[in-house]
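Participant: Sharing a structure, written as structure tokens. Questions coming.
The values are calculated or read from the model by the stated rules, or taken from the named source; none is laboratory data. These numbers come from a predicted model, not from an experiment. With ideal geometry, Cβ positions are generated from the backbone for all residues, glycine too; neighbour counts draw on all protein chains shown. Remember, those area values only see protein heavy atoms, side chains included, never the ligands or the DNA or RNA. Shrake-Rupley method; radii C 1.70, N 1.55, O 1.52, S 1.80 Å.
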Amino acid sequence: MEVAIFWLLAVIIIASAAATVFSKNIIYSAFSLLFSFLGVAGIYAMLSADFLAVTQIMVYVGGILTLILFGVMLTNRITMMSLKTDVFNFIPGLTIAAVMLAGLLYVIWVTGTWASDSPAAWDTTVETIGTLTITRFLLPFEVVAILLLIAVVGASFIARKDKQKIQS
Amino acid sequence: MHDLVLKTLGIGDLLAWLGVPDGSLVYPVVASVFPLVFLIIFALLAVYAERKVSALIQNRLGPMETGPWGLFQTTADILKLIQKEDITPKAADKILFFVAPVLVFTGTYASLAAFPWSSGFVGADLNVGIFYLLAISSLVVAGLLMAGWGSNNKWSLYGAVRSTAQIVSYEIPAGLAVLTAIVTTGTLSMNGIIRHQEGMWFGLLFQSPFLFVAFIIYLIASLAEVNRTPFDLPEAESELVGGYHTEYSGMKFAMFFLAEYGNMFIVSGIAVAVFMGGWLTPWGTEPSVLMGVVWMILKSLFFVFFQMWLRWTLPRFRVDQLMYLCWKVLIPIAFACLIGQAAVEVYL
Amino acid sequence: MGYFKDIYRGVSSTLTGMTLTARELVRPDHIVTIQYPKESIPVPETGRYRLHNNIDECIGCNQCANACPVSCIEIKSFKRMDKDVETVKETQKKRLWVEQFDIDMSKCMFCGLCTWPCPTECLTMTSVYDYSAYDFKEHIFKFSKLTPAEAEQKKAELEAWTAEQAALKAAAAAKKAAEAPAVKPETPAAPPAEKPAEG
């Protein structure tokens, strides 16, 4: 049964990811991304990474996808346009993809050990993640937080109306 | 594998209590079908209750003709909806128009997977239960956007965009309010949170002023998350016809309706589980499994009633007032509560 | 401090509103709904609603039809034989058979002007107001008691009787003429000669 679910999720992820890339309608692309994210969350859940799975849904489906959709819907020119999905920059693209793949494979190869059993099911990961975040990975965590804060400040600065305009 | 399923569907105790043999297929089936049946019956009664409450508040009588005191009015309405022609507008995006109600309902139904009905009766007692419940509602957001865009209608799109902006904003104070409680309970599991409240009158609610304020904030934010008055801008009848479900008719409309009322119950259930002791008795003892279900539903129904009561009291917010309330009032206060409660936990 | 004042006002006004609605919620005596077909507001005694004609007292004088500003009353009548003349309300004589007394309530404007001239006060406005129908024709109320067959019969009788009376009159006249032939011999001859010329 677990295998069946895995293959189901895999098909969902790959099909919707393909739809995202190849669809000529940008709205369809955005919405198929949703199913892709959900499928990945499902895979995380199967790997006992429950916190990660829920975070995936919360952040990607609830936050990022919604932002993308907002962006698409509020820009009326984009939606009317049918996208060109022809191949541009074939050789550079292929090169980058090949290098990325090679890098990933190398890291996987070096890291070595694949867990052959499913990890101890349903052990809570929340506490471990919490502890590690504020101990070993405190610096990256804070850096990311500051980065996000800067992004927020920058966004509000751009979105803000000109002060002189308001006064006049 | 089978063990895993049974363990996940922590419903086992209830059925064992009822005398169903171990390992029978009844367990998963009941675990998945019960919420659906409950949702449908609840929606039927809630629509009726909504009409009655609104009528009584406005000194009217409400439905009186179908059945005694009009009890079968919603049943008749549903029968009508089933018979209706399923219209897809010519200009609509057929695929999105079809998928949207399914997605919205999926979000609602999926929330019930981690809903703590009773001590031994939780679809899946996840370690991240409350986090899951808060996160899965984003499926509803995506569904609403899909409905608004797919209908190809300006009212629908306005409704969907408003609804999304509202839900995404109010998720923050809701999350912070829940977090205030979690600082105390120290667990994200629904049953863990509820068990922590054993021995407390009315759960965490009256344990500290911060928790009480957090509860009020969650209540307000949850109203906004299910698009209820005074936060019903997305489906404001007087300006947007019907918001995102303007173009829907028949069964698809019924699905939106079912999801809406289901969400009302779920946010009430979360409020009850986190702040009011869930399936515990109000005086904080652990009831039997079946009585736990009763307590849980009773407490949740009180907050469903509260939502109706508020709906027929307050008028609708303006968009800027909505955002002002969220970003300038609820979020700062929620942060203050979180920090205050954390201080209480550390120093007391 | 406007910020906290606003919050306070928001909370307190919400609470005020909710107490108010809660109070109304539990007050069944405040309900204003009247479940119409089962209960209804009593209409005033002098209200003007559907017209009713008590045909037994109607003398067919046509005054109501003349008074009606919208011509919604239609009356057809013919003479009664002398032996059929009845007395109504002691002073009024029923000298006509009313073969048709139709009131079209879809035309009626409920002014009540028809009820004033009625000499026997048989035409009245009742308090019946709920008589909606699916067809305009159902709003034509027929009050005559005579069936068409009866009316035909009565008409035939009347004709026979009129003829009989005429014959009797003629006979009487002839008798008179026979008794006094020489009083005015040229008078009967003159009118027949003039009439064709006029027509």
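Participant: Looking at B:ALA342, is it farther than 30 Å from C:ARG23 by Cα, within 14 Å of chain C (Cβ to nearest Cβ) and either touching a residue at least 12 places away in the same chain (Cβ under 8 Å) or assigned to a loop (DSSP other than H, G, I, E, B) (or both)?
Facilitator: No.
Participant: Now for a different question. Would you check which residues across segment B:130-166 are of a type in the set (Val, Ile, Thr) and either farther than 17 Å from B:GLY269 by Cα or more than 7 Å from chain A (Cβ to nearest Cβ) (or both) and list them?
Facilitator: Answer for segment B:130-166, where residues must be of a type in the set (Val, Ile, Thr) and either farther than 17 Å from B:GLY269 by Cα or more than 7 Å from chain A (Cβ to nearest Cβ) (or both): B:ILE130, B:VAL140, B:VAL141, B:VAL161, B:THR164.
Participant: Ok, one more. Do we have B:LEU133 as aliphatic (A, V, I, L, M) and more than 20 Å from the chain's Cα centre (by Cα) here?
Facilitator: no
Participant: Considering only residues of segment B:275-316 that are assigned to a loop (DSSP other than H, G, I, E, B) and under 30 Å from C:ARG9 (Cα atoms), which is nearest to the other protein chains (Cβ to nearest Cβ)?
Facilitator: By that ranking, first place goes to B:THR313.
Participant: Right, here's the next one. Which residues, counting only those in segment B:184-195, are farther than 17 Å from B:MET276 by Cβ and hydrophobic (A, V, I, L, M, F, W, C)?
Facilitator: Of everything in segment B:184-195, just one residue is farther than 17 Å from B:MET276 by Cβ and hydrophobic (A, V, I, L, M, F, W, C), namely B:LEU188.
Participant: Condition first: touching a residue at least 24 places away in the same chain (Cβ under 8 Å) and facing chain B (nearest Cβ under 10 Å). Now tell me which residues in segment A:9-30 satisfy that.
Facilitator: A:ASN25, A:ILE27, A:ALA30
Participant: Another question, if that's okay. Within segment C:20-47, how many residues turn out to be more than 7 Å from chain B (Cβ to nearest Cβ) and open to solvent by 80 Å² or more (accessible area, probe 1.4 Å)?
Facilitator: 14
Participant: Here is a follow-up. Among the strands (runs of 3 or more DSSP E) confined wholly to segment C:1-118, which include 2 or more residues that are free of Cβ contacts under 8 Å to residues at least 24 places away in the same chain?
Facilitator: C:86-88
Participant: Condition check: part of a helix (DSSP H, G or I), among the aromatic types (Phe, Trp, Tyr) and under 19 Å from B:PRO234 (Cα atoms). Does B:PHE257 satisfy that?
Facilitator: Considered against the rule, which asks whether it is part of a helix (DSSP H, G or I), among the aromatic types (Phe, Trp, Tyr) and under 19 Å from B:PRO234 (Cα atoms), B:PHE257 comes out as yes.
Participant: For A:SER48, only one of the following conditions fails: (1) within 12 Å of chain B (Cβ to nearest Cβ); (2) part of a helix (DSSP H, G or I). What is its number?
Facilitator: Of (1) within 12 Å of chain B (Cβ to nearest Cβ); (2) part of a helix (DSSP H, G or I), only one is false for A:SER48: (2).
Participant: Let me ask you something else. Give me a count of the residues in segment B:300-348 that are more than 20 Å from B:PHE202 (Cβ to Cβ) and aromatic (Phe, Trp, Tyr).
Facilitator: 6
Participant: Could you tell me whether any residue of segment B:114-129 is under 24 Å from B:MET323 (Cβ atoms), within 9 Å of chain A (Cβ to nearest Cβ) and either open to solvent by 20 Å² or more (accessible area, probe 1.4 Å) or in a helix (DSSP H, G or I) (or both)?
Facilitator: no
Participant: State whether one or more residues within segment C:76-97 are within 16 Å of the chain's Cα centre (by Cα), open to solvent by 40 Å² or more (accessible area, probe 1.4 Å) and within 30 Å of C:VAL43 (Cβ to Cβ).
Facilitator: Checked segment C:76-97: no residue is within 16 Å of the chain's Cα centre (by Cα), open to solvent by 40 Å² or more (accessible area, probe 1.4 Å) and within 30 Å of C:VAL43 (Cβ to Cβ).
Participant: Here is a further query. Given the criteria under 19 Å from B:GLY278 (Cβ atoms) and modelled with pLDDT under 80, does B:GLY203 qualify?
Facilitator: yes
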